[in-house]
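This report concerns only the one structure given below.
Values in this text are rule-based calculations from the coordinates and carry no lab data. Everything numeric here is computed off the predicted structure, so don't read it as measured data. Note that we place each Cβ from the backbone using ideal geometry, even for glycine, and neighbour counts take in every protein chain shown.
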Amino acid sequence: MDHRHLPLQFQRLEPEQQLSESRRFAQRMAERRTVRFFSDEHVPFELIANAIQTAALAPSGANQQPWHFVIVQDPEIKRQIRAAAEAEEKLSYEHRMPQDWLDALAPLGTDWHKPFLETAPYLIVVFRLDYGLAKDNRKIKHYYVQESVGIACGFLLAALHLAGLATLTHTPSPMGFLTEILGRPQNERPFLLIPVGYPAADATVPAITKKPLEDVMTRL
Ligand code: IYR
């Protein structure tokens, strides 16, 4: 193994540029909304590939990069995913989710119907690698998998938004069916399902707001 260190390439910005870049990014991200109504309009694959490339730059425990991204465009695979997700979600909404959970979700207006799983031109299925597999099939321990994959998903959502695309962070529960439908190996577990595309012309979003800065930040 190569344990060398190399000189850091770090671009030091002028203070005014730091301020304007930080404001601009905050403004752009403030425009992001989770979208549940998609158009079937085509999206160039390169936009998706570039966003995955960005996600894969995320920091990770021991730089193990414990993620895999499956991009689903095939209508038949999307149909299978929708059927399996709706079967699980129907059970969840009608039998498994306690009333306080349903109450917490009420402002979002969600239910077990998931047409976006077929309408959106792409489904990005993010898998977390709970352990690695060496060439001789021995298990390699991975560290901070949830944190690492969560950060990569944050990079991914930001990249897709800046590329002018709409996303939904969808977590059908349980989502083990994705491992089977997509034929992923035993060390991978589904982490997040992200439909990507343009919003439908008549898309609506829930009237919800973010907490003000003073509620989420403490300065000591
Ligand atoms: N997985 C379900 C329920 C759901 C749960 C939470 I927490 C949400 O923020 C939104 C939905 C669904 O996708 O409908």
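Assorted remarks:
- Per-pair calculated FRET efficiency, R0 = 30 Å: ARG219 and LEU108 via Cβ, rounded to 0.05: 0.45
- Cα shape, the range 69-210, gyration tensor, a/c 1.5 rule: prolate
- Stretching GLN17 away from VAL205 to a fully extended chain increases their span by 64.3 nm, per 0.36 nm per residue minus the current alpha-carbon distance.
- Gain upon complete extension [ILE71, MET29; 0.36 nm per residue less C-alpha separation]: 12.8 nm
- Taking each residue as 0.36 nm, the span from GLN146 to THR171 lengthens on full extension beyond its C-alpha to C-alpha distance by 7.6 nm.
- Computed E for ARG96/ASP130 - FRET, C-beta separation, R0 25 angstrom, nearest 0.05: 0.55
- Sparse packing (at most 16 other Cβ atoms within 10 Å of the Cβ) combined with a DSSP loop state is found for the following chymotrypsin sites (Phe, Trp or Tyr not before Pro) in the range 1-52: PHE10.
- Gyration tensor verdict on the range 141-184 (Cα atoms; rounded if a/c is under 1.5, prolate if a/b is larger than b/c, oblate otherwise): oblate
- Helix screen, the chain: DSSP H segments with Cα axial length of 20 Å or more and mean Kyte-Doolittle hydropathy at least 1.0 are 145-162.
- Here the chain is scanned for trypsin sites (Lys or Arg not before Pro) in DSSP loops (not H, G, I, E, B) that have at most 12 other Cβ atoms within 10 Å, and the longest stretch holding none of them is 13-134.
- GNM result for the chain, Cα springs below 10 Å: residue of ASP202, ASP136, ASP74 fluctuating most strongly: ASP136
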